[in-house]
Amino acid sequence: MARYVVDVMPKPEILDPQGKAVHGALPRLGFAGVSDVRQGKRFEIELEGEASDAHLEQVRQMAEKLLSNPVIEDFEVHAQ
Amino acid sequence: MKVGVVTFPGSLDDADARRAVRIGGHEAVALWHGDDDLKGVDAVVLPGGFSYGDYLRCGAISRFAPVMTSVVEAAGKGMPVLGICNGFQILCESHLLPGALIRNDHRKFVCRDQRLRIERVDTPWTSAYAAGAEVTIVLKNGEGGFVADEPTLDRLEGEGLVIARYLDDNPNGSLRDIAGISNERGNVVGLMPHPEHAVEDLTGPGTDGLGFFTSLAATIFA
């Protein structure tokens with residue numbers, strides 16, 4: 001079994017209202033000095049068979065086609 | 001004219017959209033997300049709601065519903081397609097329209113009567129309006145902030161593809177106050193406010209939304 005991780009983050013120039021909400025809540029819990037929070041998504045994907053470059057490429061295509069929207073998000077793929 | 005209204009799992013406004021189609025003088029045809037048959041319709045409405053629970057991103061899963069393969073193909077041949085709210089999100093995810101819709105900048109769901117200016121009137125969905133017409137149409141969304149990169153925004157404005165813009169307060173942080181856009185040809189239109197909720201005096205802020213459904217009558221098909 002090969003496991004891959006896809007991290008999807010809002011692009012830096014795109015407003016992230018959820019991150020802003022979390023950022024706003026942290027000081028109320030006593031966490032001082034937080035200068036920014038961005039919220040993204042993490043996908044863990046298992047593929048049958050051994051880890052390979054072909055698998056990695058397949059996961060990259062999943063990320064491009066479905067898991068992220070290139071208009072508003074960036075993604076990174078790596079094997080775990 | 002036969003106007004199809006697609007029901008996805010989680011669509012909310014499909015019945016209202018079918019009703020608006022009928023009040024607009026057309027035959028409403030119910031279409032199902034899992035069926036790639038468009039049943040010979042002349043135009044398609046993708047209604048509002050929370051298709052597939054808005055999982056992943058609004059419209060991201062619906063884009064791959066079997067019916068959307070047929071809608072994308074028909075849109076490419078010039079069939080009029082109107083996406084309202086969640087339907088607009090689906091059109092963006094399908095790459096039929098540029099840009100994307102993200103969570104409202106103020107992080108709250110907004111529901112109100114919204115003033116708009118109709119800017120592009122040479123589309124099959126807006127030809128009943130006078131250019132620059134100011135109308136009031138119901139708006140209700142949690143993820144209605146229209147975003148795109150600067151070159152895309154410049155292109156939308158430069159080519160006159162912005163079909164409607166918010167007046168008074170921008171309700172959701174949409175860049176350049178954009179409420180709706182079209183493709184170059186004008187047959188595909190996405191709109192965040194809900195014209196189907198503004199077609200009768202009894203149940204809405206007025207009848208300003210009716211034009212989106214009566215415009216079709218004036219459309220000449222090649």
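Read the figures in this text as sums done on the coordinates, not as results from a lab. Predicted, not measured: the structure shown is a model, and the values here were computed from it. All Cβ positions, even for glycine, are placed from backbone atoms using ideal geometry, and neighbour counts span all protein chains on display.
Determine if segment A:27-37 includes at least one residue that is assigned to a loop (DSSP other than H, G, I, E, B) and within 14 Å of chain B (Cβ to nearest Cβ). Taking every residue of segment A:27-37 in turn, at least one turns out to be assigned to a loop (DSSP other than H, G, I, E, B) and within 14 Å of chain B (Cβ to nearest Cβ). Could you run through segment B:111-128 and say how many residues are farther than 14 Å from residue B:179 by Cα and touching a residue at least 60 places away in the same chain (Cβ under 8 Å)? Total meeting the criteria: 6. Restricting B:143, B:196 to residues that are in contact (Cβ under 8 Å) with a residue 40 or more places away in the chain, touching a helix residue (DSSP H, G or I) at 6+ places or on another chain (Cβ under 9 Å), under 21 Å from residue B:103 (Cα atoms) and of a type in the set (Asp, Glu) narrows the list to B:143.
Which of the residues that make up segment B:1-12 are closer than 21 Å to residue B:70 by Cα, in contact with a strand residue (DSSP E or B) (Cβ under 8 Å, 6 or more places away or on another chain) and either outside any strand (DSSP E or B) or basic (Lys, Arg) (or both)? Before you say what the answer is, go through the steps one by one.
Taking segment B:1-12 first, the residues closer than 21 Å to residue B:70 by Cα are B:1-11.
Among the residues that remain, those that are also in contact with a strand residue (DSSP E or B) (Cβ under 8 Å, 6 or more places away or on another chain) are: B:1-8, B:10-11.
Within segment B:1-12, B:1, B:2, B:8, B:10 meet the criteria.
So which residues in segment B:177-202 are in a loop (DSSP other than H, G, I, E, B), more than 9 Å from the chain's Cα centre (by Cα) and at negative phi? Write out each step before concluding.
First, pick out the residues of segment B:177-202 that are in a loop (DSSP other than H, G, I, E, B): B:183-187, B:192-193, B:198-202.
Now narrow it down to the ones that are more than 9 Å from the chain's Cα centre (by Cα): B:183-187, B:198-202.
Answer for segment B:177-202, where residues must be in a loop (DSSP other than H, G, I, E, B), more than 9 Å from the chain's Cα centre (by Cα) and at negative phi: B:183, B:184, B:185, B:187, B:198, B:199, B:200, B:201, B:202.
Does at least one position in segment A:55-75 carry a residue that is free of Cβ contacts under 8 Å to residues at least 24 places away in the same chain, touching a strand residue (DSSP E or B) at 6+ places or on another chain (Cβ under 9 Å), surrounded by 18 or more Cβ atoms within 10 Å (Cβ to Cβ) and not aromatic (Phe, Trp, Tyr)? Among the residues of segment A:55-75, at least one is free of Cβ contacts under 8 Å to residues at least 24 places away in the same chain, touching a strand residue (DSSP E or B) at 6+ places or on another chain (Cβ under 9 Å), surrounded by 18 or more Cβ atoms within 10 Å (Cβ to Cβ) and not aromatic (Phe, Trp, Tyr), which makes the answer yes. Annotation for segment B:67-78: at least one member residue is surrounded by fewer than 20 Cβ atoms within 10 Å (Cβ to Cβ) and in a loop (DSSP other than H, G, I, E, B).
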